[in-house]
Each structure stands twice: as C-alpha cells, then as structure tokens.
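Let me begin by presenting the structure, written as structure tokens, before commenting on it.
Just so it is clear, none of the values below were taken in a lab; they were calculated from the coordinates. Quick caveat: nothing in here was measured; it's all calculated off a predicted structure. Cβ atoms come from the backbone with ideal geometry, glycine included; neighbour counts cover every protein chain shown.
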Amino acid sequence: MDTNLHLAAINAADIRGEKTRMRPMRPDEAAIIHSWNNDPAVYQFWGSYDYRYKSLDEFLADTVGDAHFFDGSAVAEGRCFSIEPLEGPDAGTVIGMINTNKIDVPHRSTEIDVVIGHPGYRERGYGTDAIREFLGLLFDTGGLHRVGVSTYEYNARARRVYEKLGFVQEGIMRQSDYVDSRWVDSVVYGILEHEFRGDNP
C-alpha cells in the first residue's frame with residue numbers, strides 16, 4: 001500500500017464524474033462564494049453566518065489570508081474546487097464548491113466542505129456525484145487514509161448523502177454553533193480509505 005501523500009496531484013486534478021466536473025477554483029472565482037454566503041437557502045446549512053451581511057469587498061478582504069484555497073500555493077493548508085455540470089446548457093458554470101481543509105500530513109487525514117450554491121442544481125444528485133468523485137481523488141490519487149465532514153444536526157438532506165456514500169457517524173458536537181439565535185449541534189462523519197473502496201480493513 002502506498003502510504004505517501006501526493007499533494008501535487010490533488011492540486012492539479014481535473015475530476016469528472018457522471019454528472020459533475022471539478023477543477024481547482026481560481027482566485028477570481030472567490031466572489032461566487034460570497035453570493036452563496038448571503039443566500040438563506042445555503043447559509044442556514046453551511047455555517048457561513050460570519051459573512052452573510054458583509055459586502056463583497058469585505059468578504060474578499062477576509063479571504064486574503066486564505067488565498068491558498070484558490071491559488072494552490074499551499075495545498076496542505078486546503079484547496080478549493082469548483083463544481084460544474086458535466087453536460088447541458090450550464091456546462092462550465094460554477095454551481096458549487098468542494099474543498100479540503102488543512103491536511104494532517106503524518107496521519108493522512110483531512111476534513112472537507114461541500115455546497116451546491118446554484119438553486120437549480122440542488123437535490124438533483126450533483127452533490128452526491130461530486131463528493132463520491134472527490135473522495136476517489138483524495139483516497140486513490142492523493143493517498144489519504146481518512147476524510148471527515150460535519151453538518152448541522154437538522155441538515156437531514158446532507159446527512160442522507162453522507163451516509164449513502166459510506167460515511168460513518170462518529171459523534172455529535174453539542175451546541176457547536178449559534179445559528180438564527182439558537183445553539184445547534186453538529187454531527188461529525190468520517191470515512192476511511194478501505195470503507196470507500198469496500199475492502200476489508
């Protein structure tokens with residue numbers, strides 16, 4: 001078994017699934033995320049409350065310290081990918097994003113975030129397809145051992161997707177976030193490389 005990480009391969013990836021294409025997001029596309037931060041249908045599930053009332057200029061100023069997500073300058077610190085429809089009239093249009101966060105290199109582990117920001121592509125299987133293919137990149141190409149993800153307890157749609165893809169609920173962070181004037185719990189999921197591949201440990 002290859003126990004080495006291949007971060008350059010992650011950074012250069014162009015991933016194609018059945019419904020989606022994912023490729024590294026460019027710095028000039030960071031503004032797209034701002035619109036999702038201000039969409040109530042998105043931010044109530046995404047944990048982006050810190051940004052929802054900020055202007056675009058304020059949002060972009062806040063992302064300067066996280067430039068590696070968009071320019072690929074420090075893949076181990078996190079990398080953001082666009083999600084696009086593979087076919088159809090909107091092919092090439094950014095409808096969502098998926099990213100790694102800081103990669104724990106010695107333990108070959110990371111956490112991911114994912115959002116389908118375009119309202120016309122929610123609940124149509126695009127997020128499921130994107131996550132599945134992204135996990136393939138991280139495990140089969142990147143060499144990771146564990147990938148984690150978390151969501152709010154009330155986000156039943158996301159939880160169904162994660163469980164369908166083989167993520168295992170690992171715990172609950174009680175009252176982890178303050179959302180719409182109330183404390184909410186976050187559910188933590190993880191998937192290991194052998195679970196993703198269907199192999200025995």
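Could you tell me the calculated FRET efficiency between Asn4 and Ile172, based on Cβ-Cβ distance and R0 = 30 angstrom, to the nearest 0.05? All intermediate terms of the calculation are to be shown ahead of the outcome.
On the way: r = 34 Å, r/R0 = 1.12.
With R0 = 30 Å, the Cβ-Cβ based efficiency is 0.35.
Estimated purely from DSSP H runs of n ≥ 4, each contributing -39500 (n - 2.57), the mean residue ellipticity at 222 nm for the chain is -7000 deg cm²/dmol once divided by its residues. From most to least packed by mean Cβ count within 10 Å, the peptides 112-118, 77-83 give 77-83, 112-118. Using the Karplus relation 6.51 cos²θ - 1.76 cosθ + 1.60 with θ = phi - 60°, the per-residue 3J(HN,Hα) values for the range 94-99 come to 6, 10, x, 8, 9, 8 Hz, with x marking Gly and Pro. The radius of gyration of the Cα set in the range 103-201, together with its Dmax, comes out at 14.3, 45 angstrom. Note that the range 146-153 has calculated 3J(HN,Hα) couplings of 9, 10, x, 7, 9, 8, 5, 4 Hz, one per residue in order, obtained from phi through the Karplus relation 6.51 cos²θ - 1.76 cosθ + 1.60 (θ = phi - 60°); glycine and proline are x. Karplus-based coupling profile of the range 27-44, in residue order and whole Hz: x, 6, 9, 4, 4, 4, 5, 4, 5, 6, 4, 9, 9, x, 5, 9, 5, 5, with θ = phi - 60° in 6.51 cos²θ - 1.76 cosθ + 1.60 and x standing for Gly or Pro.
All other residues with a Cβ under 12 Å from the Cβ of Val149 taken together, and with Lys, Arg as +1 and Asp, Glu as -1, what is their net charge? For residues surrounding Val149, the net value is -2. Look at the alpha carbon pairs under 8 Å that are at least 6 residues apart: their mean separation over the length of the chain gives a relative contact order of 19 percent.
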